[in-house]
Ligand code: T1G
């Protein structure tokens, strides 16, 4: 392929005979920054003016085609050329324009293709319009052009879910014209050459195909149902419908207006914060340039619910695993549990039986610790008891190589104490997975006082290998997430004795955006877990610490939640129902405490919960347990159901305003015990008129 080439910023124009190849090269993901847009515009102008060129291919260098507009530009004054106008320019081009999609062609990258006259996709490629995950909608014609290619129902499904669409599905939906099994650029150049001299088929000239109104209604209803407080999915439905009523240009005018509204919305600012925060947590202080140790083989102690989930997560990452249990019976139960997790993935179509067999082929089961002699990393997931774990770590240290990393999956226990007494405490850290460990994205990596930098760096790298969102934290009771949730639950129980009922509090927090309220969650997980912790902590509870023993009373009555058919609620035919016995127990408790119950509305419940989480989160940052407030947000959003469209408690605290947060905390001072004293750091920042976000960028 002989070629002359010109360059305009991150955009190259390569003449390949009678076809011009426009190559975008803006690492890491070819986002359509201002420079890319300007370069693309210049290239299209040049191609149109060059009579030797009969057609155009738009492609990108690197691991992926354009993965969208440059998200970091949002919220700033927009710079010309604007993407919508640029894509209209491409669509209007007098010469056939073919897009060559590879990697993940997302958002604006997908929309470039929708505006092109034909679309060729690499067989391993994917397209998507994930703007909804940023609280936005496709703002460069996607809401008007996609329905014309794929039909309204498919378009709404793709845009409202933000899901990735693999190449062959894109072909079957009529979005892609060609799936390139061989060289993508050759296929795209061939396609372009075949269109020279042919009438140009513009997406805008197509009508939206008629479809089954029932099917469409179901798709719209599902999208509206799944919105759960988010506004973008509803806007997407509204805009997509316009494609059946208006020409593309007019529909795009409404799309633009809706897009700009959403860009300025609190929900989109929160989701953009979440996007960058989930990437920023990987930048861990103190290990820059530290080389991680290689992890080629992993040992897991305990094949219970957590151990089995962790084993699957490690096998899914392609690493060999040795699973240890105390007996053959326990080992068999563990093997069945792991196999069961894979069967579930097969049933949901995520993997094939062949994949299951291949992954299980890398699992070894044993009752002998000596079989871990060559393991690079060993993760213990045994019963949550300090003495048991200390003894196990000592035995593991004896059974493994001197450079083997010993990790604990404890949810609460003091890892400094656990490592004390070991010969190599520097090899110990916490890897706190969340159940189900093969599904939940979050991983808390707990750095103990003696953890060596390269051991921490290895933990972070291991988290990336497992495709987890890994957040590093220090040692304290409950680390970041469980510590904040303990205060959250306590505040909710204070409101119980003051006048609310479980269904009031759960209802208010589900309306706030949590998938489930605290009392329903406890019933699901089992009340005996936190009961054990409360009993463990009871000796250390201060006399001035406010404590509501209602949950203890429930446990004493054997009410452990769903598994016993009753907990905070009673469960009838799988339905969760308020329980008059629980209400009576709460009212009796308030009376015994001499508390005159009062009505507590949803707003107060939400405010007290958010203020409690912001306060505890700020203390965790002030103590250096979490590096930045954004680490706290990422933990709560990815491990505890904090609604991402609110950005996490710390982001929400800034949105509400720290003085307002302090105002909500004021009545808690003295009343709720020392644990609810306002954070000094919070008071100082509020006094300076600052924000928690400023701590995200401090050195
Ligand atoms: N803008 C700016 N930076 C981006 C970016 C983007 N669109 N996508 C990724 N990055 C950065 C990211 O912050 C990280 O930086 C690095 O690239 C690698 O990303 C008009 C309005 C493509 C699947 O929502 O989903 O188009 O941390 O670590 O795991 O309608 O990135 O290294 O400094 O995530 O391999 C729509 C967002 C935008 C896709 C790759 N597009 N990106 O995942 O790498 S809105 C999206 C992703 C839009 C139009 C609208 C993923 C990825 P750093 P990474 P990865």
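Rule-based calculations on the coordinates, nothing more; no lab input. The structure presented is a predicted model; accordingly, all values stated were derived computationally and were not measured. Methodologically, a virtual Cβ is constructed for each residue, glycine included, from the backbone with ideal geometry; neighbour enumeration extends over all protein chains shown.
Structural remarks
- Stokes-Einstein, applied to the Kirkwood radius of the range 403-449 over Cα pairs at a viscosity of 1.567 mPa s and 4 °C, places its translational diffusion at 115 µm² s⁻¹.
- Taking each DSSP H run with n ≥ 4 as -39500 (n - 2.57) and averaging over every residue of the chain yields -14000 deg cm²/dmol at 222 nm.
- Size of the range 572-628 as Cα extents on the principal axes (Å, biggest first): 45, 36, 21
- The calculated pair-distance distribution of the range 528-617 uses every alpha carbon pair, bins of 10 angstrom beginning at 0, and gives 14, 32, 44, 10, 0 percent.
- Extension reserve of the residue 211-residue 257 stretch, reckoned as 0.36 nm per residue once the Cα distance is removed: 13.8 nm
- Dividing the convex hull volume of the alpha-carbon atoms in the range 537-587 by its residue count gives 89 Å³ per residue.
- Efficiency of FRET between residue 588 and residue 25 - r from beta-carbon atoms, R0 56 angstrom, step 0.05: 0.20
- Using a cutoff of 8 angstrom between alpha carbon atoms and counting only pairs six or more residues apart, the relative contact order for the range 70-154 works out to 27 percent.
- FRET efficiency, 1/(1 + (r/R0)^6) with R0 22 Å, evaluated for residue 6 and residue 76 via beta carbons: 0.15
- Cα long-axis angle, helix 232-242 against the chain (0 to 90 degrees, to the nearest 10): 30
- Cβ-Cβ distance of residue 547 and residue 597, R₀ of 30 Å, FRET efficiency by 1/(1 + (r/R0)^6): the value works out to about 0.95.
- Exposure proxy ranking, count of Cβ atoms within 10 Å, fewest first, for 477, 579: 477, 579
- Between helix 213-227 and the chain: long-axis angle, C-alpha atoms, 0 to 90°, nearest 10: 50
- Cα-only radius of gyration and Dmax that characterise the range 163-222, units Å: 15.8, 44
- Taking a ≥ b ≥ c as the square roots of the eigenvalues of the Cα gyration tensor, the range 394-482 is classed as prolate, since a/c reaches at least 1.5 and a/b is larger than b/c.
- Each label was represented as a point 7 Å from its Cα along the Cα-to-Cβ direction; for residue 48 and residue 669 these points are 6.6 nm apart.
- The range 551-619 - percent relative contact order, Cα under 8 Å, separation 6 or more: 13
- Rounded, prolate or oblate (a/c below 1.5 giving rounded, otherwise prolate when a/b exceeds b/c) for the range 541-699 by Cα gyration tensor: prolate
- A straight line joining the Cα centroids of the range 344-417 and the range 512-543 runs 27 Å.
- Semi-axes of the equivalent ellipsoid for the range 193-348, computed as √(5λ) from the eigenvalues of its C-alpha gyration tensor and ordered from largest down, come to 48, 24, 20 Å.
- Separation between Cα centres of the range 547-612 and the range 55-83, rounded to whole Å: 52
- Based on the Kirkwood approach, the hydrodynamic radius assigned to the range 303-434 is 15.4 Å, with every pair of different Cα atoms included.
- For the chain, the mean projected area of the C-alpha convex hull, equal to one quarter of the hull surface, is 33.5 nm².
- The chain: angle of helix 266-280 to the longest principal axis, Cα-based, in degrees nearest 10: 80
- Rg followed by Dmax, in Å, when the range 638-699 is reduced to its Cα trace: 12.8, 36
- Computed lengthening from residue 354 to residue 388, 0.36 nm per intervening residue step minus Cα-Cα distance: 8.4 nm
- By the Cα gyration tensor, the range 235-286 has an equivalent ellipsoid whose semi-axes, rounded to whole angstrom, run 35, 10, 8 from largest to smallest.
- Inter-probe distance in nm under a simple model that places probes 7 Å from Cα toward Cβ, at residue 572 and residue 234: 3.3
- Relative to the current alpha-carbon distance between residue 183 and residue 226, full extension at 0.36 nm per residue lengthens the span by 11.6 nm.
- Take every Cα pair under 8 Å whose residues are at least 6 apart in sequence, average their separation, divide by the length of the chain, and the relative contact order is 9 percent.
- A convex hull fitted around the alpha carbon atoms of the range 354-422 yields 107 Å³ per residue.
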